[in-house]
């Protein structure tokens, strides 16, 4: 669906260098701290910025060769922009109707009402969460094959985040659809992504299947004595702590079986990213 | 009309209707005052100019909160966006002016004037191409510089164009020509030739302006 092949984008004090792939039928997550390069990667994916190297292909076509018809198969949420705030949802209906061949007006209105979005209020008077919900519903409204969602959960409360994630799971029930989603909230991605890319300082630090990450990664918390006696072969990263060392491994079971006395925490995206980005 | 352009036109008309009602009302009130005190031809120019501002206003609404970036994630190519703006500018500046021109002839008709309708009509709408020319000058500046910087650049560019024309005139005179002769020969044209000349020049300028806007927008990053 999407392929970023060694793309490079240089700014005065930031350089993005990354490769990633989003496969058909999969939800791929991009996680990283604020300023790690997530939005830049998304902008490159969408052709909103010119890249200095590498290539971006979507549906097998170079990004510059995508037609309006190709773009109809995409639904996009951007972190910091959206529909004009001077319009209402009611104003948007004929716009979306004219824009997309497969726009489902009835479903869109029903979804807006279900998520309690006022149809006649100006979007500029919406809360951040309401704006985000609107963008997501618009992205879901026209039978897109691919969703590109940059921080769709930012500004949403817990209930709204759950509602959104349910919508995305429902969307993925149809085969051959894909989502690429970024977030700095790891729990959002753990529950929905098939694989996750971790980005820091413009570089992909790790790419792993979510199941592998959650089931096989672990964080060993050991004293100095224990650390010296451990087999270091499967450590991905170690970090000095007050109590001794934290060690990130992708062979949690190995250490559980061979060193039953040490403390091993189950892997989570938060822990992995914390360890990889220090 | 393609789907992207149609959807953008609807969006802009919705924006205009929701945001510019007051502006349109002021234009009309002023227009009525001017029509009764000054006369139809000037009023048509005034309407065309004021409505062209409305088109430019839609750029500002698109730019707000980085909205332009979002527009280009939708099935809208950058050329579609520009085509829509030029089309909207043309429709919005021209249609109300044509209607006003026709309406403003009614008092002459009632009074039983001997002014031929076509002469009146052409003399009143001749200002429309001038307004379209101004619009064609403004759109690339909006695309390149945005709402704020554009004002300064407009002043500078109008100054530069005037200076260039002045310089060309001076060079022509230095080469033995007489610039007043050219002006007189243009003035000497009958209204049909004059209209044709103005329309042709305007079409060429709009095409050049569109090409420049495309060049700028295709390279713009968001």
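The values are calculated or read from the model by the stated rules, or taken from the named source; none is laboratory data. In this text, all values refer to a predicted model and were calculated from it rather than measured experimentally. Cβ sites come from the backbone with ideal geometry, for glycine too, and all protein chains shown count toward neighbours.
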- Task: Run residue A:188 past the list (1) closer than 30 Å to residue A:126 by Cβ; (2) part of a loop (DSSP other than H, G, I, E, B) and report the number of the one that doesn't hold.
- Result: (2)
- Going by the conditions given, is residue A:266 modelled with pLDDT under 85, surrounded by fewer than 20 Cβ atoms within 10 Å (Cβ to Cβ) and over 23 Å from residue A:35 (Cα atoms)? yes
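Among A:117, A:96, A:156, which is assigned by TED's automatic domain parsing to the domain that holds residue A:180, closer than 30 Å to residue A:186 by Cα, more than 24 Å from the chain's Cα centre (by Cα) and buried (at least 17 other Cβ atoms within 10 Å of the Cβ)?
A:117
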- Among the residues of region B:23-64, which ones are farther than 13 Å from residue B:94 by Cα and either outside any helix (DSSP H, G or I) or at pLDDT 80 or above (or both)? B:38, B:39, B:56, B:57, B:58, B:59, B:60, B:61, B:62, B:63, B:64
- Item | Any chance residue B:81 is out of contact with any strand residue (DSSP E or B) (no Cβ under 8 Å at 6 or more places or on another chain) and modelled with pLDDT of 95 or more | yes
- Within region B:43-58, of all residues that are farther than 22 Å from residue B:32 by Cβ and crowded, with 21+ Cβ neighbours inside 10 Å, the one nearest to the other protein chains (Cβ to nearest Cβ) is B:58
- For region A:91-108, which residues satisfy the criterion of being within 9 Å of chain B (Cβ to nearest Cβ), farther than 15 Å from residue B:70 by Cβ and part of a helix (DSSP H, G or I)? A:91, A:94, A:97, A:98
- Query: Taking region B:127-163 as the region of interest, how many residues are surrounded by fewer than 21 Cβ atoms within 10 Å (Cβ to Cβ), farther than 29 Å from residue B:195 by Cβ and in contact (Cβ under 8 Å) with a residue 60 or more places away in the chain?
  - Reply: 3
- Message: Go through region A:57-87 and report how many residues are more than 8 Å from every other protein chain (Cβ to nearest Cβ) and crowded, with 21+ Cβ neighbours inside 10 Å.
- Response: 3
- Message: Whether any residue in region B:101-111 is within 20 Å of the chain's Cα centre (by Cα) and at negative phi is what I want to check.
- Response: yes
